[in-house]
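All remarks here apply to the structure that follows.
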Amino acid sequence: MLESPFAFFRGAAAIMAADLASTPRSGLNAQLCGDAHGANFGGFAAPDRNLVFDLNDFDETAPAAWEWDIKRLAASFAVLGRDGGFGARKRRELALAAVGSYRQAMRQFAGMRTVEVWYARLDLERQYAELAALLRRASRKRLDRTLTKGRRKDSLRAFSKLTQEVDGEPRIVSDPPLIVPISELTLGDDTRLRHDELLELFEQYRGTLPVDSRRLLADYEAVDLAHHVVGIGSVGMEAWIVLLLGNGRDDPLFLQIKEAERSVLEQFGRSGSSGSHGRRVVEGQRLIQAGSDVFLGWLRLPKGRDGRPHHYYVRQLWDAKISVPLHELAADDLSVYAEMCGWTLARAHARTGDRAAIAAYLGGGEAFDRALAKFAEAYADQNERDYKCFAAAVQAGRLPATTGVSR
C-alpha cells in the first residue's frame, strides 16, 4: 500500500466504505462487488472455455446501496489517472467514461428480458476486433500479448512454474515469504496431523460444490499444500495453494484456498455472510459474475490455532487469468477500458437489483455522470490526504510495515 496512492486506494476498501456510508443514497440495493476499482476487473476462462471480461475480486461482496460500487469505480480512475500523470481534463474523461457506460448499460438492461440480462457478458474473443479498432497500434500489440499470456495461464503453466521434483514426486517449490510449503511450516508428527486436518477440511469443501463439479473433482487427488501471500488488501489473511493430480503428472490442478473475513460493507448494509464468510464470497460471485469457476466453493475451520473460527473460499489458482496493465495504457485506451468496467458493473447490479428503478433514477441525461466525475476528483483528493497520513505513520513507526516484497 505504500507503493503509491493507487496502491493505497486498492487496500483501503474499509476506509471508503465508511466514507460512503454517510453519503446520500437512493434506497435501492443490489449485490455489490464491494471493491469495484479498475484493477479488480479482467479476463478469465468461463466454464465454456471462452475468454470473458468481468469482475474478478469478491472478498467484500454483500448486498448494499448500488451507488457505492459505481462511486468507488469512478474514484479509482481519478486516482489511477493521477498516478499516470494525467491532467484534470483526462481524469474527468476517465470517470465520465466509466459512469456514462454504466448508466447507458443499465438503461439497456432495464428494457431486456430477465433471462437475457443473466446471459449477457463481454466475450473477449468476439469483442476483440471491435476493441482492437478502438485502440492505438501499440496498445493493440500489447492486447495481443496480454491475451496470449492469459490463454496460457492455467494449471499446466502453474505446474511448470510452481513445482519441483522431490524424491520422484512433484512438490510445490519454496519461495519464501511468498510461497512456503507445508513441510517447512510444521515438523515431524505435527506435519502429518496438520496434513490430515487439511484433508478433512478439503472434504468439507467438496460438499459445497454442485454435483457435477463434485464428480469432476473426485478424479483428482491432493498431493501438496503451501502457504501463499497474495493481493494488497488481502495481505495478512491466510491463503494456501493446493496441488492436485488427476490422470498422472500431465493432469495437474492448482486450487487456491483464501481466507474470507467480514465484508467491509456489512456494518453499513444488510448482512451477506449467511453464517459463513466463505459462502458469502462464493454466492456473491455466482450472483454477479457471468460465468463462475466450476471449482468455486467454501469451507470453515471451527477453531483455528488462535482459538477462533476461520472462513475460506476455494477457486482455481490460474484459469486463463488476464490482468490488464493499467499503468501502461494511454489515456484514450484507458477510457475504453473504463467503459468496459462500467458496462460490466451495470450488468452485475442489473442481475440482482431493481434495474428498472435504478435506470429511472439515473435518467437519460448526463447529470449523474457529471456529478460522479466531480465526486471522483474530490475523493482522489481525500485519498491523497489519507495516503500521506498512512505513509507518515509508517515512517514514524506507529504502523509496522514490510517493504521490498514483490509478488
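Less than 5 angstrom separates the built amide H of L122 from those of F53, all sequence-distant by 5 or more or on a different chain. Every pair of different Cα atoms in region 1-115 enters the Kirkwood calculation, which places the hydrodynamic radius at 15.5 Å. Using heavy atoms of the protein chains and a probe of 1.4 Å, the accessible area assigned to M237 is about 50 Å². Amide H contacts under 5 Å for L399: V394, restricted to partners 5 or more places along the chain or on a different chain, H placed in the peptide plane at 1.01 Å from N. Past 29 Å, Cα to Cα, is the threshold; run K153/K303; K71/K258; K71/K141; K161/K258; K149/K258 against it and keep the listed order. Beyond 29 Å between Cα atoms: K153/K303; K71/K141. Secondary structure note: in region 2-69, about 100% of the DSSP beta bridges are antiparallel. Amide H to amide H distances under 5 Å link V223 with L243, L244, L245, where only residues 5 or more positions off or on other chains count and H is placed in the peptide plane. The Cβ shell under 15 Å around F8 holds other residues with a net charge of -2, Lys and Arg each +1, Asp and Glu each -1. Projecting label points 7 angstrom from Cα along Cα→Cβ for R157 and A367 puts them 4.7 nm apart. At a 1.4 Å probe, what is the % contribution of carbon and sulfur to the accessible area of the chain? Of the solvent-accessible surface of the chain, carbon and sulfur hold 50 percent. Structure remark: mean-square fluctuation, Gaussian network model of the chain, C-alpha springs under 10 Å; the largest value among A330, A218, A12 belongs to A218.
Spin-label model, A18 to R398: label points 7 Å out along the Cα-to-beta-carbon direction sit 1.3 nm apart. Computed about its Cα centre, the charge dipole of the chain is approximately 1280 debye, with only Lys, Arg, Asp and Glu carrying charge at their Cβ. Overall size of region 254-389 from C-alpha positions, given as principal axis extents largest first: 52, 37, 36 Å. Accessible surface ranking for K141, K388, K71, 1.4 angstrom probe, highest first: K388, K141, K71.
The candidate values were [x] 23.7; [y] 22.3; [z] 28.4; the one computed from these coordinates for Kirkwood radius over Cα pairs in Å carries the label [y]. Across R315, R215, the residue with the most accessible area heads the list, and the full order at a 1.4 Å probe is R215, R315. In the chain, helical runs assigned H by DSSP with n ≥ 4 each contribute -39500 (n - 2.57); averaged across all residues and rounded to the nearest 500, the mean residue ellipticity at 222 nm is -15500 deg cm²/dmol.
The values are calculated or read from the model by the stated rules, or taken from the named source; none is laboratory data. If you're wondering where the values come from, they're calculated on a predicted model, not measured in any experiment. A quick note on method: Cβ atoms are made from the backbone with ideal geometry, for glycine too, and the neighbour counts reach across all protein chains shown. Side chains included, ligands, DNA and RNA excluded: accessible areas come from the protein's heavy atoms. Shrake-Rupley method; radii C 1.70, N 1.55, O 1.52, S 1.80 Å.
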